[in-house]
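Values quoted throughout were computed directly from the atomic coordinates according to the rules given, and no laboratory measurement underlies them. All figures in this text were calculated on a predicted structure; none of them were measured in a lab. Here the Cβ positions follow ideal geometry from the backbone for every residue, glycine too, while neighbour counts run over all protein chains shown.
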Amino acid sequence: MKTKLDYYRVFYETARYSSFSIAAENLYVSQSAISQCIRQLERDLSAQLFVRTRRGVTLTKEGVLLFQKVESAMQAIEQGETLLARLHHLESGSLVIAAGDSITTHYLLPYIEKFHAIYPDIRIEMANSYSHHMLECVKEGKAELAFVNLPIEDDELCIEPCLTVHDIFVCGAEYDMKERYTWEELAEEPLILLESNSTSRRYLNDKFGEKGIKLKPQIEFAVHDLLLRFASINFGISCVVEEFSEESLEKGIVRRVPAEPPLPARSVGCAYLKHNPLSLAAQEFLELIHEEENVK
């Protein structure tokens, strides 16, 4: 740029009010400093921009042409500053969250509702798929946060455990259930499990595999709630997340199947890019979750 941007700010303020003195007040400088800036700008542009009169100053034809362009630029800058200020105060913007149906319904929904009540002008968008697809959404910039079943390891991502969960086996009220099952015995039952490409299913396969047991489910689903539904009508035994099944257990829609030993606890976690700073909206959403979990 041939001329300093500050000179155009001085020119803009002077032209807006047709006054050196008002421009000086608005910019918190002396009137002589305003005059010097205008003279320098006129020298740089080889054009007279103002006509001085006893009542103040008026724009020349060249000054009018320049003012039209400078006004547009200054307004664009001011709009940018306003937008950043609004973002800083979470008065605008968006937050894209990737999460599966079960995690959204049984875990995230209360947080999303509370966040929306606090920051109604932040648009929340949801992306839905399997855990590994949701992690790719974060890496590709299609989502900022992904809430997934753990364990997951990825060098590109920060992964924060958010909620401890317990996998349990359940059956319907009329299912012919034994008093206790070993893992080998469970594997012989008609099992209703999540599809093999889900993180939860891979975790279950790994744990049983450590004991040399291969799972051969009778029915596979992509949705956690269907596990509960089919167990409730006595199709077999389902492996579900206890924390996502509390209502069905409390109402007696399904019964807990006693497994010996119980499956180890695991976590639901939040993943985000390791080397990219989180937006203020994402930071506030995570902070809301951490605050609620600490209260619990």
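Shape class for region 139-197: prolate, because the ratio a/c of the largest to smallest gyration tensor axis (alpha-carbon atoms, square roots of eigenvalues) is 1.5 or more and a/b beats b/c.
Sequence-ordered 3J(HN,Hα) estimates for region 56-72 from the Karplus curve with 6.51, -1.76 and 1.60 and θ = phi - 60° stand at x, 9, 10, 6, 7, 4, 5, x, 5, 4, 5, 4, 4, 6, 5, 4, 4 Hz, glycine and proline given as x. What is the angle, in °, between the Cα long axis of helix 199-209 and the longest principal axis of the Cα atoms in the chain? Nearest 10 is fine, range 0 to 90. Long axis of 199-209 versus the principal axis of the chain: about 40 degrees.
Close amide H contacts of Val96 (hydrogens built in the peptide plane, cut-off under 5 Å, sequence separation of 5 or more or a different chain): Glu125, Glu144, Leu145. Note on Glu25, Glu246, Glu179: ascending count of other Cβ atoms within 10 Å places them as Glu179, Glu246, Glu25, the fewest first. On the beta carbon distance between Arg39 and Ser72, with R0 = 25 Å, the FRET formula returns roughly 0.55.
Helix 31-45 sits at what angle to the longest principal axis of the chain, using alpha carbons and giving 0 to 90 degrees rounded to 10? Here the helix axis deviates by roughly 90 degrees.
Here the dipole of region 167-264 is about 200 debye; that uses its Cα centre as origin and unit charges on the Cβ of Lys and Arg (positive) and Asp and Glu (negative). Toward the positive end of the charge dipole of region 5-88, with +1 on the Cβ of Lys and Arg and -1 on the Cβ of Asp and Glu, the farthest Cα among Tyr8, Ser72, Gln36 is that of Gln36. Identify the residues of region 5-40 with backbone N under 19 Å of a label point that sits 7 angstrom from the Cα of Arg55 along the Cα-to-Cβ direction, or state none. Only 14-23 pass the distance filter. The Cα atoms of region 5-88 cover 44, 25, 21 Å along the three principal axes, with the biggest extent listed first. For Leu150, the residues whose modelled amide H falls within less than 5 Å of its own, excluding neighbours fewer than 5 places apart on the same chain, are Ser267, Val268, Gly269. Calculated mean residue ellipticity at 222 nm for the chain: -13500 deg cm²/dmol, from DSSP H runs with n ≥ 4 weighted as -39500 (n - 2.57), summed, divided by the residue count and rounded to 500.
Averaging over all projection directions, find the projected area of the Cα convex hull of the chain and quote it in nm² with one decimal place. The partial results should precede the final answer.
Numbers: hull surface 88.3 nm².
If you wrap the Cα atoms of the chain in a convex hull and average its projections, you get 22.1 nm².
Residue order for Arg201, Arg180, fewest other beta carbons within 10 angstrom first, comes to Arg180, Arg201.
What you get for region 5-88, charging only the Cβ of Lys and Arg (+1) and of Asp and Glu (-1), is a dipole of about 320 debye around the Cα centre.
In terms of other Cβ atoms within 10 Å, Met74, Met134 run from fewest to most in the order Met74, Met134. For the chain, the Cβ-based charge dipole about the Cα centre amounts to some 2020 debye (Lys, Arg positive; Asp, Glu negative; other atoms uncharged).
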